[in-house]
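Let me begin by presenting the structure, written as C-alpha cells, before commenting on it.
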Ligand code: CAA
C-alpha cells in the first residue's frame with residue numbers, strides 16, 4: 001500500500017496521516033490511499049474510531065487542481081467522502097493549516113471536526129470558476145444554515161477556526177499539535193460513547209428565496225457565473241433525497257468544468273504563482289534588504305514607502321524641502337491610518353511604522369547606509385539622471401538602485417551611475433500600497449542578484465512581480481497605449497466614450513478606459529501627449545477633444561468632471577455633456593462621417609488591439625511568456641480574472657479568427673493594425689499562446 005496515507009493504531013484509534021507535500025492536495029493517489037486505509041481500519045480488529053490528520057502545512061488544500069481539465073480518475077471524491085461518512089467506525093478530522101475545497105468536504109464527511117486555533121477552512125472553488133463538487137453545497141448548510149453557507153461559498157474566503165466554531169463547521173478548537181489534539185478529542189468522544197454523526201443525515205435548515213438569491217449573486221459576480229450556481233446547488237438539496245442533491249451538485253460542477261471561465265481562472269491560479277519562477281534566477285541569492293530609501297514623497301513615493309513599512313522595512317524618504325517632507329509624511333500617515341482601520345495592522349505596528357521605522361530626510365548623505373533605493377520623482381530623464389548620479393555618489397557599494405519610472409529607458413538611467421549592474425526598474429502601480437502588480441524591469445546590465453532582489457522585495461510586499469524588458473511603457477503601459485489608441489480611433493469613427501466603457505464593463509473590466517482615465521487624472525495623459533508632440537511623435541489621428549477637456553480644467557474625478565460628471569460622488573457618474581460636442585468638432589475637422597459601433601465590435605477591436613500588441617511584447621522578449629502579460633493585465637489593469645488574461649482569452653477565442661479580423665482592420669490603418677509576427681507564426685503552426693508558457 002502506498003505511503004501517501006500512513007496507517008497507525010493508537011489504542012482504539014486508527015490514525016490516517018496524509019503525506020502529499022506541499023499542501024496535501026487530494027490527488028488520485030491520496031483518494032485511493034484514503035479509501036484503502038478506511039478499508040484497513042474497518043478490518044482492523046478492535047479499532048473503534050478513525051482519525052484523519054495531515055502532515056506538513058495543511059489538512060488538505062483541496063482537489064488536485066492539476067488534474068482538472070483531464071479525464072477525472074477514480075475513486076471520485078464524492079464517492080470517497082460518502083464512503084468515509086458511511087463507515088461504521090467513528091471518523092474524526094483533526095485539522096490544521098488550511099482545509100479548503102475538497103479538503104473541507106472530506107472534513108464534512110467525517111462525523112466530527114476538531115482544529116487547532118491557526119486552522120482556516122473555506123470553499124474557494126468559485127475562484128477556480130467552479131462550485132464545491134464533493135458535497136460541500138449539500139452538507140455545509142446543514143451545519144451553518146443557508147445564508148452563512150452561501151456567504152462562505154460565494155465569497156470563497158478563508159474562515160478562521162474560531163469563526164468556524166461559531167458557525168458549527170467545527171465541533172471544537174484546541175491548542176496544540178494537531179495529532180495530539182485530535183487523539184484527545186477522539187478519546188473524549190469514545191469515552192462518552194458519542195454516536196456517529198453523519199452531516200448528510202442532519203435536517204435541512206429553513207429555505208430562502210432562491211431566485212432572488214441567484215439574481216443578486218449573479219449581479220454581484222460582474223459576469224462571473226460560478227458564485228450564482230452555488231445558490232442553485234444549495235437549492236437542489238431541497239428538491240429530493242440527499243443523493244438527488246448530490247447528483248444535482250455534481251452536474252453543475254461538471255458543467256462548470258467545461259466552461260472558459262474555469263479554464264481562465266485556473267490559468268490565473270497557476271500563472272500568478274509561475275510569474276516569479278524564472279530559470280535564470282534559480283539558485284541566485286537576493287541581496288539583503290532591511291532598510292530602503294524612497295526618493296520623492298508624492299502619491300507614488302508615499303505609496304511605495306507605505307508598502308515598504310507594511311512589509312516591515314525601515315524607510316528613509318527623501319524630499320526636496322522640510323515642507324515637502326511634511327506633506328509626504330502626511331500622505332503616509334493617511335495610508336497607514338487606512339490599514340489600521342481595516343485591521344491590517346495593530347495600533348502598536350502603526351505607531352512603530354510612523355516612529356522609528358520612518359525617517360524623512362532632505363539630504364542625500366543620509367542615504368549612505370540603505371540597502372536599496374527606489375526613485376519616484378518626476379518623469380523626466382534629466383531629473384532622473386541627476387538623482388541617480390547623486391545616489392551613485394553617496395550609496396554604499398552593493399546598494400540596489402531602482403527607478404519607478406513607468407516608461408523611461410532604464411539603461412540610459414543606469415549610465416548616469418558608475419554601477420549599472422546595480423540598477424533596475426521597479427515599476428509600482430498607484431496606489432502602490434494597494435495595487436498588487438510590480439513590474440521588475442531588467443536593464444541590459446542589471447546583475448542577476450539585483451533582479452533577484454527586486455523579486456524578493458516584491459514577494460515581501462506581497463506583490464505579483466513580473467519580469468519586463470526595457471521599452472517605452474514596458475509590458476503594461478505599452479499594451480495600454482495601444483488599446484487606448486484603438487478606443488480613441490473608435491471614438492473618432494463614431495462610438496462614444498460611454499458606449500465603449502459600457503461594452504467593456506459588460507465584458508468584465510472593473511472600469512472602462514474612460515472611467516479609468518477620469519480616476520487616474522486626465523492631466524497625466526495630457527502631459528504625455530504634449531511631450532510626444534514636442535518630440536515629433538504625434539499619433540497619425542491626433543484628436544484634441546481630451547486636450548480641450550483639460551484646458552477647461554476637467555481632469556476627471558479629482559476636479560469633479562472629466563468624461564463623466566461626478567457631482568453626485570465618485571460612485572454615481574453621468575456623462576459630461578461637454579464631451580460629445582468636442583468629439584464632434586474633431587470628427588468634423590478631420591472630415592469623418594461617424595458610424596455606429598455595436599458593443600460586440602467595440603470589444604472585438606479593443607481586444608484585438610490588446611492581443612496584437614501583447615504578442616509583439618512577447619515576440620520581442622519584453623515579456624518572457626504569454627502568462628506574464630496575462631498577469632500584468634489582471635493585476636494592474638482590471639482585466640477580468642475569469643477570462644484568464646488577454647492571451648488566454650485569445651487562445652480560447654481562437655487565434656486564426658482573431659488574426660483574420662486584425663488583417664481586415666489593417667485595410668483601414670495598415671500601420672496601427674500590422675499583425676504581430678508571433679501571432680502570424682502561431683497561426684501558421686497551428687499553435688496557441690499557452691504552448692509558449694509550457695516551453696519557456
Ligand atoms: N492542487 C494542486 N496544487 C496546489 C493546490 C491544489 N489544490 N494548492 C496549492 N497547490 C500548489 C501551488 O501551485 C504551489 O505549487 P508551486 O510551489 O509549484 O508553485 C504549491 O502548492 C504551494 O502553494 P502556494 O504557493 O499557493 O502556497 P501558500 O502557502 O501561499 O498557499 C494555499 C497555500 C492556501 C493552499 C493556496 O495554494 C491555495 O489557495 N490553493 C488552492 C486551494 C483551492 O482552491 N482548493 C480548492 C480546489 S477545488 C476543489 O477542491 C474542488 C472540489 O470540490 C472537488
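What follows draws every value from the coordinates through simple rules; no lab data is involved. Just so it is clear, the structure is predicted and the values come from calculations on it, not from any experiment. Glycine also receives a Cβ, built like all others from the backbone with ideal geometry; neighbour counts cover every protein chain displayed.
Here the relative contact order of the range 512-591, from alpha carbon pairs under 8 Å that lie six or more residues apart, stands at 29 percent. Length gained on full extension, residue 363 to residue 660, computed as 0.36 nm times the residue gap minus the Cα-Cα distance: 101.1 nm. Remark: the residue 202-residue 184 segment gains 4.0 nm on full extension, using 0.36 nm per residue and subtracting the alpha carbon distance. Taking square-rooted eigenvalues a ≥ b ≥ c of the alpha carbon gyration tensor, is the range 529-617 rounded, prolate or oblate, where a/c under 1.5 means rounded and, failing that, a/b exceeding b/c means prolate? It comes out rounded by the Cα gyration axes.
Relative contact order of the chain, taken over Cα pairs closer than 8 Å and 6 or more residues apart, is 9 percent. Highest mean first, the peptides 287-300, 155-168 sorted by other C-beta atoms within 10 Å per residue fall in the order 287-300, 155-168.
Distances between every pair of Cα atoms in the range 289-468, grouped in 10 Å steps from 0 to the bin holding the largest one, split as 11, 42, 37, 9, 1 percent. Dividing the convex hull volume of the alpha-carbon atoms in the range 1-155 by its residue count gives 107 Å³ per residue.
With the gyration tensor restricted to C-alpha atoms of the range 5-258, the semi-axes of the equivalent ellipsoid amount to 29, 19, 17 Å, longest first. Quarter the surface of the alpha carbon convex hull of the range 139-228 and you get the mean projected area, 7.4 square nanometres.
Estimated from the Cβ-Cβ distance and a Förster radius of 51 angstrom, the FRET efficiency linking residue 195 and residue 337 is about 0.45.
Shown is the FRET efficiency for residue 383 and residue 259, computed with R0 = 51 Å from the Cβ-Cβ distance and rounded to the nearest 0.05: 0.55. Placing R0 at 56 angstrom, the Cβ-Cβ distance between residue 537 and residue 151 gives a FRET efficiency of 0.60 after rounding to 0.05. Once the Cα atoms are used to define both axes, helix 497-507 deviates from the longest principal axis of the chain by about 20 degrees. Normalised by 2.2 N^0.38 Å, where N is the number of residues, the alpha-carbon radius of gyration of the chain equals 1.07. The spread of Cα positions in the range 205-311, taken along each principal axis and listed from longest to shortest, comes to 64, 35, 25 Å. With an a/c value of 1.5 or above and a/b not larger than b/c for the gyration tensor axes a ≥ b ≥ c computed over the alpha-carbon atoms, the range 75-114 is described as oblate. In this label model, residue 492 and residue 595 are separated by 1.6 nm, measuring between points 7 Å along each Cα→Cβ vector. Taking the C-alpha atoms only, the angle from helix 226-236 to the longest principal axis of the chain is near 30 degrees. Taking a quarter of the surface of the Cα convex hull of the range 455-544 gives a mean projected area of 7.6 nm². Taken along its three principal axes, the alpha carbon spread of the range 158-200 comes to 31, 29, 13 Å, from the longest extent down to the shortest. Can you pull a Stokes-Einstein diffusion coefficient for the range 618-673 at 4 °C (1.567 mPa s), Rh from Kirkwood over Cα pairs, as a whole number of µm²/s? This corresponds to a translational diffusion coefficient of 104 µm²/s.
Between the helical axis of 28-43 and the longest alpha-carbon principal axis of the chain there is an angle of about 20 degrees.
Rg/Rh for the range 422-571 stands at 1.02; both radii use Cα atoms, and Rh follows the Kirkwood definition.
On full extension, the segment bounded by residue 215 and residue 462 gains 85.5 nm, given 0.36 nm per residue less the C-alpha separation. Decide, for the range 51-124, between rounded, prolate and oblate: order the square roots of the alpha carbon gyration tensor eigenvalues as a ≥ b ≥ c, take rounded if a/c falls under 1.5, and otherwise choose prolate if a/b is larger than b/c, else oblate. Taking the square roots of the gyration eigenvalues as a ≥ b ≥ c, the range 51-124 is oblate.
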